[in-house]
Every structure is written in structure tokens, then in C-alpha cells.
Amino acid sequence: MSPPQNRGPIRHRLVAGSGPWCEVCLSQLRLEVSERGAGLYERIRFNATLEALALRRLAEMDLDGCRTAFQMLLDRLDMDRVDGHGRAVVLLLLDVLQEVNRRLRRSGAFQAQRVDLVERFAACSDPGEMQRQFLPILDRMLAPWASAPSNGHPVVQQARTFIEDRYAQRLSLSIVARHLCVSANYLSRLFRRETGSTLTAFIHRVRVEHALLALASGGRNLAEIASRVGYQNYRDFYRNFVKHERVSPRQVQRKLAHGVGRSPARRAPPNEKAV
């Protein structure tokens, strides 16, 4: 299996299918975000930052990270504020599942899963039921990929795992290389060749993404979050957060407090140094 593709910015839409039944059904299910999406997001506290993070993790084949981000998104939804918009919430969550399907599958397999999802929820107007079924459906969609062999270099996979497990500690290229019993130069070249990113950039990306999860969870101040994700001082945390997300951590915190997130921006790799 080839890995899921990152297909650019998140756009909530249901694409018209083929055949009269599919055209009629999908036209009824089409979500017009331009008219009501932003208001709906804020009303039910739909966290677009967590959605973007989940899809980013999916693109990297981090299935556990993908599921965790979606779990947090679902847990934050305020279903008590649906107020007659139950069908719209069902369509919104259905569209998220369709986006996962779109990134996981190609052509025929995508269409089959797509129609199956539409048929399953064509008559559903209960957002609570959709919320309950979301993760079981997601698990079934991810299951074939969970057992798929990795095509990446084992040293790079080990480096990524080491960083994911120890992101809160002091890390550097030399520290990771020493743990893997390879030279720093070799690991640096191999990691960039396999991932298109420097190892230090990956360290910062993992830390910032865990900071986003901590911000979404709430209950901690920014300095505490910076320390918990591995930064020795708030200045370094702030600088790398803004570099990766193109917005300050406080701005994200305020948006999340109102239930509205933002899609993380593209990243520019930092220099290779101890972080």
C-alpha cells in the first residue's frame, strides 16, 4: 500500500458521484460551509486545529496520533448547543470521514467506501449517534493500514520513534545518532533523504503538535505547556511555534477557547542544533 497523500488545505465538501441516485443523495448531503460552516463550528466548538492535526498525522502514517487528535475533537464537541442543526452536524462529521477516506484510498476503493458512508448516514439526523459511531468507523478505515509494512528506512523509523517517545527531553541530532549507534552525518543525510526534512525540524514539529494538543485540552498556562513539550524557555517555544504555525500560541489559545481552530501552516525547517 502506498501512504495516504496530503491533498492540501482542508475543504469541507462532498463531491458529486456518478449515477442518478448518487447525484440526488449527495446533492442533499452537500455541506455549504461558505454560508453556515463558520457559525456552526463556533456553536458546537468544532476544533479545526485538531482536525488539521489529525489529517497531518494521517499523512505521516501516525495512525495512533491521528486517532488521538480525532478523539480530542469529538470530546470537545458541545452537542447541547446543536439547537436544530443536528443534520448539519451529521454532515460535518460525515465529511470529515469522507476526507479520511479520500486520503487513504484511490479510485474504485474510495468510491465504494464513499457510497457506503453516504448510505449509512443518508437518513441520520441524530448528531449524538454520529458522534458515537465516528471512532469505530475510523478504526475500520485505518485497520488495513495498521498492519501494512513500512517502506521507510529502519534507522529513520527508529529515529522518529525515539523522538516521539522523548520529545519532552533535551534532544539533538547527536543525541539521537548516539542512541541509534550511527554517525550524526549519516543520520542527518538519511533523515533528510527519507523525509524531506531535517531531524531538528521534526523535533520541533513533534513538540509544537503536542503543544497544540495541550492547548486544546486546556487547564495549563503557556509557560507550563512550553516546559512540558521540551522547551527550556518560553522564548524558544514562542519562536518555534510561530515559525511552524504562523500564529502565536496565545492567539491559538484564544481561538480554541471559543471553539474555533485554524489549520496549521506549512513549515520551514530550522537549523540543526540541540533543542
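The values are calculated or read from the model by the stated rules, or taken from the named source; none is laboratory data. These numbers were taken from a predicted model, which means no experiment stands behind them. With ideal geometry, Cβ positions are generated from the backbone for all residues, glycine too; neighbour counts draw on all protein chains shown.
Say we look at segment 201-227 and pick out the residues that are among the hydrophobic types (A, V, I, L, M, F, W, C) and under 22 Å from Ser188 (Cα atoms); which of these is surrounded by the most Cβ atoms within 10 Å (Cβ to Cβ)? Break it down stepwise before answering.
Of the residues in segment 201-227, the ones among the hydrophobic types (A, V, I, L, M, F, W, C) are 201-203, 206, 208, 211-216, 222-223, 225-226.
Keeping just the survivors that are under 22 Å from Ser188 (Cα atoms) gives 201-203, 206, 208.
Values: Ala201: 22, Phe202: 24, Ile203: 26, Val206: 21, Val208: 24.
In this case the residue turns out to be Ile203.
When both residues are 6+ apart or on different chains and their Cβ atoms are under 7 Å apart, which pairs have a first residue that lies in segment 60-81 and is touching a residue at least 60 places away in the same chain (Cβ under 8 Å) and not assigned by TED's automatic domain parsing to the domain that holds Leu92, and a second that is crowded, with 18+ Cβ neighbours inside 10 Å and of a type outside the set (Val, Ile, Thr)?
none
Does Val156 satisfy the criteria of being over 16 Å from Leu63 (Cβ atoms), in contact (Cβ under 8 Å) with a residue 12 or more places away in the chain, touching an Asp or Glu at 6+ places or on another chain (Cβ under 9 Å) and of a type in the set (A, V, I, L, M)?
Working: over 16 Å from Leu63 (Cβ atoms): yes; in contact (Cβ under 8 Å) with a residue 12 or more places away in the chain: yes; touching an Asp or Glu at 6+ places or on another chain (Cβ under 9 Å): yes; of a type in the set (A, V, I, L, M): yes.
Criteria met by Val156.
So the check is Cβ under 8 Å with 6+ separation or different chains; which pairs have a first residue in segment 159-181 that's closer than 16 Å to Glu209 by Cβ and in a helix (DSSP H, G or I) and a second one that's at pLDDT 90 or above and aromatic (Phe, Trp, Tyr)?
Partner pairs satisfying both residue conditions: Arg160/Phe202; Ile163/Phe202.
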